[in-house]
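What follows draws every value from the coordinates through simple rules; no lab data is involved. Please read these numbers as outputs of a predicted model, since none were measured by experiment. Heads up, the Cβs are rebuilt from the backbone with ideal geometry, glycines too, and the neighbour counts pull from every protein chain shown.
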């Protein structure tokens with residue numbers, strides 16, 4: 001029987017949650033025996049090549065590309081998991097959410113100190129993803145099946161969740177595993 | 001006067017006349033979650049986290065005095081889910097960025113979310129625009145985290161009895177402001193008490209943040225209410 005397939009993505013995140021996934025220490029050898037990775041920055045596979053059992057999403061949605069990636073994960077993954085505070089509530093990037101987008105862009109590109117004060121423009125190339133009015137948690141864009149809080153979620157929490165999901169048993173979320181920081 | 005006999009979820013309990021349900025429950029080793037209530041302050045029953053059911057009616061356990069023979073429902077699944085939804089509403093109503101908050105690990109709102117396993121709120125985030133006031137020499141006020149429990153308004157007074165904090169405006173526009181003149185002369189003890197009385201990270205003593213490492217903070221290892229359930233609560 002083929003192994004369960006996992007895919008991961010980092011949207012508007014810092015890759016800290018992926019680091020925490022790697023922080024499972026020697027259990028990583030067990031993970032490789034247990035699952036196969038598909039689209040993920042860990043193996044650098046760029047596109048889905050087969051149906052995925054568990055998709056792990058780090059980061060919220062701050063631009064159109066994030067939304068597109070998240071929707072493709074929803075389409076290709078049987079179970080989709082929000083990993084970390086940014087995926088669950090926007091996290092640090094969401095600190096801009098109370099500020100109008102124009103004000104944000106003007107502060108970042110027009111009004112802040114620059115090495116080249118003469119050349120100030122707000123980037124507007126057609127190849128750039130369009131920035132959203134707010135940073136959205138993943139579950140406000142697509143249906144999310146499980147949530148792993150933490151900044152980052154501890155390696156133990158990620159290990160517990162991933163092994164439980166691929167083995168088809170309920171998640172044992174004990175008190176020490178649920179932390180928002 | 002005689003003790004008052006009452007029941008919580010079928011458990012026979014004894015309380016003192018005039019005691020509120022929350023106080024009497026605590027004395028009997030039963031935890032009823034509270035947020036706007038703080039021992040020693042006059043209860044106002046504003047947050048409704050302590051909602052219990054007596055005779056089919058919902059009531060705030062922090063304001064309701066005991067009545068002989070009352071049968072209190074505290075852990076019915078629908079009650080617990082209602083409390084959980086209240087916690088979720090408080091999270092989406094403000095801007096609660098736990099990873100960057102100094103109160104994280106010692107925050108009562110966060111601790112309740114841990115206890116009730118709030119993994120993601122069922123309501124959409126509102127992202128209100130709120131102000132930060134760092135003008136007081138010892139204190140910083142962060143409106144993003146304020147849940148309008150009014151604990152600071154009730155507890156913090158200057159030597160002459162004047163209130164240091166006050167609620168300004170009404171309804172969803174309500175915000176807590178500090179009296180700048182009084183705040184300029186707060187003692188170290190008063191500033192510390194103001195920070196400790198705040199259940200969240202809306203009032204912070206400046207220059208002392210992140211003093212306790214992760215793992216040794218108040219709610220890192222045990223859920224809020226464990227002390228009451230073990231009978232070791234204050």
Residues of B:145-156, mean number of Cβ from any other protein chain within 10 Å of their own Cβ, rounded to a whole number? 0
Highest GNM mean-square fluctuation, chain A, Cα pairs closer than 10 Å: which of A:104, A:77, A:14? A:104
Any idea what Rg and Dmax come out to for the stretch B:85-205 if you just take the C-alpha atoms, in Å? 14.5, 45
So for the pair residue B:27, residue A:32, with labels modelled 7 Å out along Cα→Cβ, what separation do we get in nm? 6.4 nm
The Cα extents of the stretch B:4-75 along the principal axes, largest first and rounded to whole Å, are 27, 24, 18
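Would you list A:146, B:37, B:185 from fewest to most Cβ contacts within 10 Å? Walk me through the numbers on the way to the answer.
Numbers: A:146 18, B:37 26, B:185 13.
By the 10 Å Cβ count, ascending: B:185, A:146, B:37.
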Taking the Cα centre of each part, how many Å lie between the stretch A:128-181 and the stretch B:16-44? 35 Å
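In which sequence would B:91, B:123, B:165 go, from the one with the fewest C-beta neighbours within 10 Å to the one with the most? Provide the component values of the computation, followed by the final result.
Numbers: B:91 22, B:123 11, B:165 25.
By the 10 Å Cβ count, ascending, the order reads B:123, B:91, B:165.
How shielded is B:15-26 by partner chains, expressed as the average number of their Cβ atoms within 10 Å of its Cβ atoms?
Numbers: counts 0, 0, 0, 0, 0, 0, 0, 0, 0, 0, 0, 0.
Shielding by partners across B:15-26 averages 0.
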The rounded separation in angstrom of the Cα centers of the stretch B:164-234 and the stretch B:75-113 is 15 Å
By counting other Cβ atoms within 10 Å of each Cβ, how are B:59, B:82 ranked from fewest to most? B:82, B:59
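For chain B, what is the mean residue ellipticity at 222 nm derived from helices alone (per DSSP H run of n ≥ 4: -39500 (n - 2.57); sum divided by total residues; nearest 500 deg cm²/dmol)?
On the way: 7 runs with 55 residues, N = 234.
Computed ellipticity for chain B at 222 nm equals -6000 deg cm²/dmol.
Note the direction-averaged projected area, equal to a quarter of the hull surface, for the Cα convex hull of the protein assembly as shown, in nm².
Numbers: hull surface 103.5 nm².
For the protein assembly as shown, the mean projected area of the Cα convex hull comes to 25.9 nm².
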If one builds a Gaussian network model of chain B from Cα atoms under 10 Å apart, the most fluctuating residue listed among B:150, B:14, B:204 is B:14
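Using a 10 Å cut-off around each Cβ of peptide B:123-129, what is the average number of partner chain Cβ atoms that fall inside?
Details: counts 0, 4, 9, 2, 9, 2, 4.
Taking all residues of B:123-129 together, the mean is 4.
Calculate how large, on average over all directions, the projected area of the Cα convex hull of chain A is; give the answer in nm² to one decimal.
Numbers: hull surface 48.7 nm².
Over all viewing directions, chain A projects a mean Cα-hull area of 12.2 nm².
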So for chain A: antiparallel DSSP bridges make up what percent, rounded to the nearest 5? 20 percent
In the protein assembly as shown, what percentage of the DSSP-assigned beta bridges are antiparallel, given to the nearest 5? 60 percent
The stretch A:1-55 shape via C-alpha gyration tensor axes, a/c threshold 1.5: oblate
Using alpha-carbon coordinates, inclination of helix A:155-167 to the longest axis of chain A, degrees: 60 degrees
With chain A treated as a Gaussian network of Cα nodes joined by springs under 10 Å, which of A:164, A:87, A:108 yields the largest mean-square fluctuation? A:108
Quick one: if you stick a label point 7 Å off each Cα along the C-beta vector at residue A:115 and residue A:133, how many nm between them? 3.7 nm
